[in-house]
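Working notes for the structure below.
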Amino acid sequence: MGMTVKGRGETLTQAEIEALLASLPLDQGEAPVGRPAAVLGRQVRKWDFRKPDKFSKDHLRSLLALHQNLARLASSALSARLRTSVTLRVTSVDQGLYEEYIDLLPAQSVINVVSLKPLEGSILMELQSELALVMLDRLLGGHGGPIGAKHEFTDIEIALIRNLGRTVLEALREAWVNVAEVDPHIEDLLTSPHLVQIASPTDIVVIVLLEVQVGERLGTISFCIPHLVLEPVMPRLSAQVWVATNRRRPATPEIRQQILANLRRAGVKLTAVLGETSVTVRELLDLQEGDVLLLSGDGGKRARLWVGDREKFVGVPGLVGGRLAVKISEVRGDDRDDRPA
C-alpha cells in the first residue's frame, strides 16, 4: 500500500486521519478505549508513584547479609561491655517512606543521628528506651532487671548511652568495610522521634530492624538509612560484588594487630577463692543467721585466682586504699606468658 507524506506546513483533514487509522493492523480485535494495543497480552504491574522501589531485591539481600555481620560483631562487643550475654539478630530489612518509619517509633525513643563520612547525609540508629535502661542498669553494676515507670534520661545517662551507641557503630564500621570505608559519628541524640528530620517525608529509606537480647530481657534496635546515603555505593550492593569482596583473604599485619587490640579490650571474669566447703541440701535449707561454716584452705592467708573456668594464679589477700585486693604470688600452669597485665 502506497502512502504520500504531505509537505511541512500542510494539515491532514479529518477524513485523511481516519483513513490512516483504519489502515493500521490490529491483532485480536480492537484495543479498549484508553488502553494502547501494544500492552494487550502483557502482565500489568501496579506502580505506586508516591512510593517507588529504589532498592532491588538484590540490594536488600546484600544489606541483610551486611547487617547480619554487624549483629555478630555488635553482640561480641556489647557482651564484653555489659558483662553479660548480649545477642543481636536481624529480623527484617525493607524499604519504605521516611515518614512511615518516624510514625512507627514510640513516643519516647533514644534516637542517634549518625553521619557516615565521606558519604553524604545522615542515618538514624534508634534504641528502644526500655532496652537502653536495661543496658544502663548493667553498665552501672545492676542485674538488668525490668524498669517499670517511664523514665526521663539524665545528662549522665545520655552520655553513657552515647558510649554504648559508639560500640554498635564501631561494629557498623567493620561490617560496612567491603561496601564503603565510613567513619560513623553521633552528631546528635534525641528522645522524641518527631524532632528528627534527616530526610523529606516521602523520601525512600531502608529500615533495618534488629532484635536484641540482654540476659533475659528483649528489645530492639533499628536503623533508618535514606536512599541518598546509599546511592553512591549502590553498585557495590549487588550479590556478585558482595560475594567477591567477602571471600576469605589472608590476614594482613594490620588485621592481626586489630584482632589483638580487640582481644585486649575483651572483659574476662577474675574470681578470688579464699576457701570452699560442701554441705548437703538439708544443711543448706537449715542454714540460719549466726551459723558457722568451716572452709578448706589456710585461714584466708592465700587465695586461688580463677580466670573464667581456669585456675591461673595464687595470691595473698589484703587491703589497698581501704579496698579488698589480692597480690599475685604464684602463676599456675605452663602458660605464664598468657597471664593478664
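The values are calculated or read from the model by the stated rules, or taken from the named source; none is laboratory data. Please read all numbers here as calculations on a predicted model, not as lab measurements. Cβ: placed from backbone, ideal geometry, glycine included. Neighbour counts: every protein chain shown.
Residues that are closer than 14 Å to Val316 by Cβ and in a loop (DSSP other than H, G, I, E, B) were ranked within the range 276-303; the one that is modelled with the lowest pLDDT is Gly299. Does Met135 qualify as being in contact (Cβ under 8 Å) with a residue 24 or more places away in the chain, among the hydrophobic types (A, V, I, L, M, F, W, C) and either touching a Lys or Arg at 6+ places or on another chain (Cβ under 8 Å) or not in a helix (DSSP H, G or I) (or both)? Spelling it out, it is not the case that Met135 is in contact (Cβ under 8 Å) with a residue 24 or more places away in the chain, among the hydrophobic types (A, V, I, L, M, F, W, C) and either touching a Lys or Arg at 6+ places or on another chain (Cβ under 8 Å) or not in a helix (DSSP H, G or I) (or both). Scanning the range 252-264 for residues that are over 14 Å from Glu174 (Cβ atoms) and modelled with pLDDT under 75 yields a total of 1.
Residues of the range 123-143 that are charged (D, E, K, R) and closer than 16 Å to Glu216 by Cα: Glu130, Asp137, Arg138. Is there a residue in the range 182-193 that is out of contact with any Pro (no Cβ under 9 Å at 6 or more places or on another chain), modelled with pLDDT under 90 and farther than 22 Å from Arg81 by Cα? Scanning the range 182-193 turns up at least one residue that is out of contact with any Pro (no Cβ under 9 Å at 6 or more places or on another chain), modelled with pLDDT under 90 and farther than 22 Å from Arg81 by Cα. All of Leu105, Leu82, Leu140 fail the test of being buried (at least 16 other Cβ atoms within 10 Å of the Cβ), at pLDDT below 95 and under 19 Å from Ala266 (Cα atoms), apart from Leu82.
In the set (1) surrounded by 16 or more Cβ atoms within 10 Å (Cβ to Cβ); (2) closer than 23 Å to Ser238 by Cβ, the condition left unmet by Val177 is number (1). Exactly one residue out of Ser122, Ser115 is closer than 30 Å to Lys57 by Cα and crowded, with 21+ Cβ neighbours inside 10 Å, and it is Ser122.
Listed here are the residues, each with its yes/no results for (1) out of contact with any Lys or Arg (no Cβ under 7 Å at 6 or more places or on another chain); (2) among the charged types (D, E, K, R); (3) in contact (Cβ under 8 Å) with a residue 24 or more places away in the chain; (4) over 19 Å from Ala71 (Cβ atoms).
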{"position": "Gly141", "(1), (2), (3), (4)": "yes, no, no, yes"}
{"position": "Asp155", "(1), (2), (3), (4)": "yes, yes, no, yes"}
{"position": "Arg162", "(1), (2), (3), (4)": "yes, yes, yes, yes"}
{"position": "Glu174", "(1), (2), (3), (4)": "yes, yes, yes, no"}
{"position": "His194", "(1), (2), (3), (4)": "yes, no, yes, yes"}
